[in-house]
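The values are calculated or read from the model by the stated rules, or taken from the named source; none is laboratory data. Since the structure is predicted, the reported quantities are computational estimates derived from the model, not experimental observations. Counting neighbours? That spans all protein chains shown, and the Cβs are built from the backbone with ideal geometry, glycine included. Surface accessibility is based on the protein's heavy atoms, side chains included, excluding ligands, DNA and RNA. Shrake-Rupley method; radii C 1.70, N 1.55, O 1.52, S 1.80 Å.
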Amino acid sequence: MLHPLQIYNTLKRKKEQFVPLHAPLVGLYVCGPTVYGDAHLGHARPAITFDILFRYLTHLGYKVRYVRNITDVGHLENDADHGEDKIAKKARLEQLEPMEVVQFYSNRYHKALDALNVLSPSIEPHASGHIIEQIRMIKEILDNGFAYESEGSVYFDVEKYNRSHAYGILSGRNIEDMLNTTRELEGQEEKRNSIDFALWKKASPEHIMRWPSPWGDGFPGWHLECSAMSRKYLGDTFDIHGGGMDLIFPHHECEIAQSVAAEGHEAVRYWMHNNMITINGQKMGKSLGNFITLEELFSGSHHLLQQAYSPMTIRFFILQAHYRGTLDFSNEALQSSEKGLSKMLEAFENISKIPASSQSSVNIGDLRKKCNDAMNDDLNTPIAIACLFEGVKYINAALSGEITLSAKDIEELQSVFQTFLIDIFGIKNEVKDGNAAYESFSKAVDILLELRMQAKVNKDWETSDKIRNELTALGFEIKDKKDGFEWKLNK
RNA sequence: GGUUCCUUGGCCGAGUGGCUAGGCACCGGUCUGCAAAACCGUCUACGGCGGUUCGAAUCCGCCAGGAACCUCCA
């Protein structure tokens, strides 16, 4: 099975043909969230980007094992917290058990991702559930001489590693620059070098999240969990590792070093990184305090939001930009996505209303190929969406009788939209899908509009406009046709 | 300061050495009782200055502005 899928490999800094190690199986690992706060718009980017990759690989016929972790331990804070774990810090703040915090935010994360129609990964491992694997990996690194113990902590010896391997190959840095530019931080004295990173960190007496280890009670370093868990579920070597660009250094760089130091070879064949969502040109982020949570976007409750934006609008907005480019948040951009999506969904639903002709007056034959080509070119969703809009044009033109389409072409349009818009892009009709009451209320609206038709026949414009205006105010869009009416509910 | 990257029309965003996506907005038209939707048309850009080339927005150099990473981060 050979598909011409090209993906950009951050490690090689170019697009490469994707050839899985064990086709038709594909191993995919993506860095998930640290669950100490609500997911914001920035978190939606990798979730959706790699959801598309997951869906597209599946569409191509691969059997994908998609692993996306939950980080619930080990994030050191090197500022005023003196090495206190983020989860533990928040826990004390709110007087909750650490695992209660983890559960709370994990649930909310899943809820937001469900709303965005992001498929669940095959495995969602927690770092806290893989302490044994992480300790084992530290031992291997120690045995191979690339780490050292100091005051109950274990550090990775970057300089020693760099003598025989290249530390910095992913991020394009060299060790001399790093030694010169790394900021002086507290708690550095127990390390041989400022750029050494923790594999295991000794827990201070008040530190709640702690596990026993050969080096005393403590907790694993942040970079280790992904190395240990990806190895456990995907093997020593696997196909794709994804995450946000801000993780390239140090997180992914350290992962490479850990794998090589433990196993003697790199684990990941293709590194993929999504770019940031910006707000006023600046990265949206927790530490910058300029983020908008997904829940706020869905409800419109944030001072920067002019209105609520539905999960599908957010999804479509993200897909209208290529995943490797920055994407700037603005109400205007979101609103245009909302309208564009509405137009596309409506066209999709109208395909079945196109009257079939004996032959087509236009050639829609290459639409599917164009969509495929776009996706094969490093998941170029904006191009693929542009192609679908070409299809929208055909659908509308056929409905208004300006072009004719054969039954075969109508079927092909239906199939292309089903495949790309629904199956691969994961767009759904939020009003109809999963709404058990839809049929009933839709009939109720029909009854009202039939009354309006009667009023129109009687030239009772007052009644007719009253019904239309009040429905419009409720979010319905009423369209008069030559012989009847159509409506839809904008959400 | 170091490393990497970006700058496209009113807005968002693709793309690329010659054939100049797409969405949204605006304006004009068709349709309509009036609208809405749809359709047709208009507007047509690649930060600045040089260079390479028959030809550059696309390659190279310089300048300006911006960003990411170097510290937790999607």
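For the reader, a short list of remarks on this structure follows.
- Only listed residue being modelled with pLDDT of 90 or more, closer than 23 Å to A:Glu16 by Cβ and either under 28 Å from the mean Cα position of the chain (by Cα) or loosely packed, with under 15 Cβ neighbours inside 10 Å (or both), chosen from A:Gly172, A:Gly221, A:Gly235, A:Gly216: A:Gly235
- A:Arg210 vs. criteria open to solvent by 50 Å² or more (accessible area, probe 1.4 Å), basic (Lys, Arg) and under 20 Å from A:Tyr29 (Cβ atoms): no
- With respect to the stated conditions, A:Lys466 is open to solvent by 60 Å² or more (accessible area, probe 1.4 Å) and either more than 8 Å from RNA strand B (Cβ to nearest atom) or within 39 Å of the chain's Cα centre (by Cα) (or both).
- Pairing residues of segment A:39-57 that are without any contact (Cβ under 8 Å) to a residue 60 or more places away in the chain with residues that are more than 7 Å from RNA strand B (Cβ to nearest atom) and open to solvent by 10 Å² or more (accessible area, probe 1.4 Å), at Cβ distances under 8 Å and at least 6 apart in sequence or on separate chains, gives A:Leu57/A:Val64.
- Selection count where residues are touching a helix residue (DSSP H, G or I) at 6+ places or on another chain (Cβ under 9 Å), farther than 16 Å from A:Phe485 by Cα and part of a helix (DSSP H, G or I), scope segment A:419-461: 6
- Answer from A:Gly325, A:Gly289 - the residue that is on the phi > 0 side of the Ramachandran plot, at pLDDT below 95 and small (Gly, Ala, Ser): A:Gly289
- Counted residues, segment A:106-128 - those being part of a helix (DSSP H, G or I) and under 17 Å from the mean Cα position of the chain (by Cα): 10
- Residues that are within 13 Å of RNA strand B (Cβ to nearest atom) number at least 2 in the following strands (runs of 3 or more DSSP E) confined to segment A:171-287: A:197-202, A:238-244, A:268-274, A:277-279.
- Residue that is surrounded by the fewest Cβ atoms within 10 Å (Cβ to Cβ) [pool: residues in segment A:274-291 that are farther than 19 Å from A:Ser336 by Cα and in contact with a helix residue (DSSP H, G or I) (Cβ under 7 Å, 6 or more places away or on another chain)]: A:Gly285
- Those helices (runs of 4 or more DSSP H) of segment A:315-418 in which at least 2 residues are without any contact (Cβ under 8 Å) to a residue 60 or more places away in the chain and within 10 Å of RNA strand B (Cβ to nearest atom), considering only elements entirely within it, cover A:331-350, A:367-376, A:381-399.
- Search result, residues across segment A:21-51 that are surrounded by fewer than 22 Cβ atoms within 10 Å (Cβ to Cβ) and farther than 24 Å from A:Val101 by Cα: A:Leu21, A:His22, A:Ala23, A:Pro24, A:Leu25
- Taken over segment A:135-169, the criterion of being touching a residue at least 60 places away in the same chain (Cβ under 8 Å), polar (S, T, N, Q) and open to solvent by less than 50 Å² (accessible area, probe 1.4 Å) is satisfied by A:Ser153 alone.
- The condition of being at pLDDT below 95, open to solvent by less than 70 Å² (accessible area, probe 1.4 Å) and among the hydroxyl-bearing types (Ser, Thr, Tyr) holds for A:Ser360.
- The residues of segment A:243-257 that are crowded, with 23+ Cβ neighbours inside 10 Å and either touching a Pro at 6+ places or on another chain (Cβ under 7 Å) or over 21 Å from A:Pro33 (Cα atoms) (or both), listed by number, are A:Gly243, A:Ala257.
- Yes/no for A:Ile70 being buried (at least 20 other Cβ atoms within 10 Å of the Cβ), aliphatic (A, V, I, L, M), within 14 Å of RNA strand B (Cβ to nearest atom) and closer than 27 Å to A:Phe219 by Cα: yes
- Residue match in segment A:412-421 (condition: surrounded by fewer than 14 Cβ atoms within 10 Å (Cβ to Cβ) and not hydrophobic (A, V, I, L, M, F, W, C)): yes
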